[in-house]
1. Step by step: first the residues of region 134-155, then only those that are touching a residue at least 60 places away in the same chain (Cβ under 8 Å) and in contact with a Phe, Trp or Tyr (Cβ under 8 Å, 6 or more places away or on another chain), then the one that is nearest to ARG89 (Cα to Cα). Which residue is that?
2. Of everything in region 55-107 that's assigned to a helix (DSSP H, G or I) and of a type in the set (Asp, Glu), which residue is farthest from THR34 (Cα to Cα)?
3. Residue pairs, Cβ under 9 Å, 6 or more apart or interchain, first in region 359-377 and closer than 26 Å to GLN396 by Cβ, second in a helix (DSSP H, G or I) and of a type in the set (Lys, Arg). List them.
4. Taking the stated definitions as given, is TYR63 within 22 Å of the chain's Cα centre (by Cα) and crowded, with 23+ Cβ neighbours inside 10 Å?
5. Could you tell me which of the residues SER84, SER88, SER56 is modelled with pLDDT of 95 or more, farther than 23 Å from PHE161 by Cβ, under 19 Å from the mean Cα position of the chain (by Cα) and of a type in the set (Gly, Ala, Ser)?
6. Restricting to region 176-198, count the residues that are open to solvent by less than 10 Å² (accessible area, probe 1.4 Å) and among the polar types (S, T, N, Q).
7. Here are some residues: GLU96, GLU75, GLU120. Which one is of a type in the set (Asp, Glu), surrounded by fewer than 23 Cβ atoms within 10 Å (Cβ to Cβ) and more than 30 Å from ASP148 (Cα to Cα)?
8. I'd like to check something: does region 341-364 contain any residue that is open to solvent by 50 Å² or more (accessible area, probe 1.4 Å), assigned to a loop (DSSP other than H, G, I, E, B) and modelled with pLDDT under 95?
Amino acid sequence: MKSDFLWGGSIAAHQCEGAWQEDGKGPAIMDYVTVGSYEKPREIDKGIFPQKVYPSHTGIDFYHRYQEDIALFAEMGFKALRLSIDWSRIFPNGDETEPNQAGIDFYQKVVDTLLANGIEPIVTLYHFEIPIHLVTEYGSWTNRKVVDFYLHFCRTMFEAFKGKVKYWATFNEMNHIDPQSEASDIFTYIIAGLKYSEIDAKPQTLATVGYNMTVASCAAVKMGHEIDENFQIGCVFGIEPVYPANCDPVNVLNAYKQMDRDFYQIDAMCNGEFPLYKLAEYADQGIHIEVSDADKQVFAEGKLDFIGMNYYASSVAEYEGASEGKSALFGGLQNPYLESSKWGWTIDPIGMRYLLNYTYRKYGLPIMITENGLGAVDEIAEDGQIHDDYRIDYLQRHVEQLLLSVEVDQVDCIGYLTWAPIDLVSATTGEMKKRYGFIYVDKQDDGTGTYKRMKKDSFDWYQQVIKTNGASIKEIGHE
């Protein structure tokens, strides 16, 4: 691995900060979502009800404990931390002209603390944190005015952190807005603040949202490069390999098409134009998207510098007469050759190598693994420690495939960021018991707990991985 490889982790504001009404922050979409579980979906409320638990209101109190947490990341040897800036901290309603200076000051302190500890900040500008006012008053990303508000937010951040932040991500996982398949309320809500069950003209609406976000991303890249030519600006996508059930050509083609659905926005952001095949598909479905001359210029001039890849699982393409159970992540079917986590996510380390190869050869851009991790129930043992061998095993197997991708397959991968380096609130279920971290946080699903931080066994494991630049995993052998 190159000496400047970015080992680290990723977090998101709404899942860790808390302090949801402090220092001028406005209400954002995730502030109205209750705790849930794998068996019980999160509820999306119109207001705040005192008898209910809203996990984002307190998070893991990163807002007040960021110095302690960053010190622990530094002790592990982190080279980078990806964090999001909550739009509603900077512009409480989203449509203001002037920003909330207290919000900027908070993130300045966080970034300065990272830099003081030798940790590269990687800033995500949109990680499910749109101000609720932009949803209720403007219709969220269905309205092009929201693109303008987003770009005003981006400009404010680019100018505030010029000279301090080099790496940026415009969006996180916008690619799950898909007009061609059924979606859950929670997925469309966390991405755009819209309940799938309440959307009128679903295909047209979701296609418009996806298009407007894509335009916004390219426009942000173009703007960022104009503000500072040294900025490296990417976008983060949640992608999973989709395998055919067998070698029947019908199933192989079907698997390709199901997997390729996640790539049209990457095509638009890397190839300099919104893909004509997608516009043709939309037309066949009665969906109308108008690509203006101004938009064409944005696509041509707003190409990504790198691709962020969130990788957790793979799936099998649906096919006629399928008997497999549904995949728990983004649709598709469970793979009978793979084990699954307690939340129904398949564990497929080779899938990450497959996806790295496929994506790198398709676009030729550097790739950063921006999320990869195992959600599990962690128990404090009789000796007072947390022995999370299962997490070490999961991550070790994935890092092995990462190393093979770089050293054997020659993929240009520039970083590996785990989700999440510290326990935080699950976006999809709202749980704390679905823990990912190397650091345990004493907070429970009902909101109780001391918030005390505690190192798990995996803390020392990752510390060694970083210290040896991956050499502690195993010696790379050529196949």
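1. So, considering only residues that are touching a residue at least 60 places away in the same chain (Cβ under 8 Å) and in contact with a Phe, Trp or Tyr (Cβ under 8 Å, 6 or more places away or on another chain), the one nearest to ARG89 (Cα to Cα) is PHE153.
2. Ranking the qualifying residues of region 55-107, first place goes to GLU75.
3. GLY373/ARG391; LEU374/ARG391; ALA376/ARG391
4. Working: within 22 Å of the chain's Cα centre (by Cα): yes; crowded, with 23+ Cβ neighbours inside 10 Å: no.
Criteria not met by TYR63.
5. Details: SER84 fails: farther than 23 Å from PHE161 by Cβ; SER88 fails: farther than 23 Å from PHE161 by Cβ.
Testing whether each residue is modelled with pLDDT of 95 or more, farther than 23 Å from PHE161 by Cβ, under 19 Å from the mean Cα position of the chain (by Cα) and of a type in the set (Gly, Ala, Ser) leaves just SER56.
6. Result for region 176-198: 1.
7. On the way: GLU96 fails: more than 30 Å from ASP148 (Cα to Cα); GLU120 fails: more than 30 Å from ASP148 (Cα to Cα).
One residue alone meets the criteria, GLU75.
8. yes
The values are calculated or read from the model by the stated rules, or taken from the named source; none is laboratory data. It should be emphasised that the depicted structure is a prediction, and the values quoted were computed from it without experimental measurement. Neighbour counts run over all protein chains shown; Cβ positions are idealised from the backbone, glycine included. Only protein heavy atoms, including side chains, enter the accessible area calculation; ligands, DNA and RNA are left aside. Shrake-Rupley method; radii C 1.70, N 1.55, O 1.52, S 1.80 Å.
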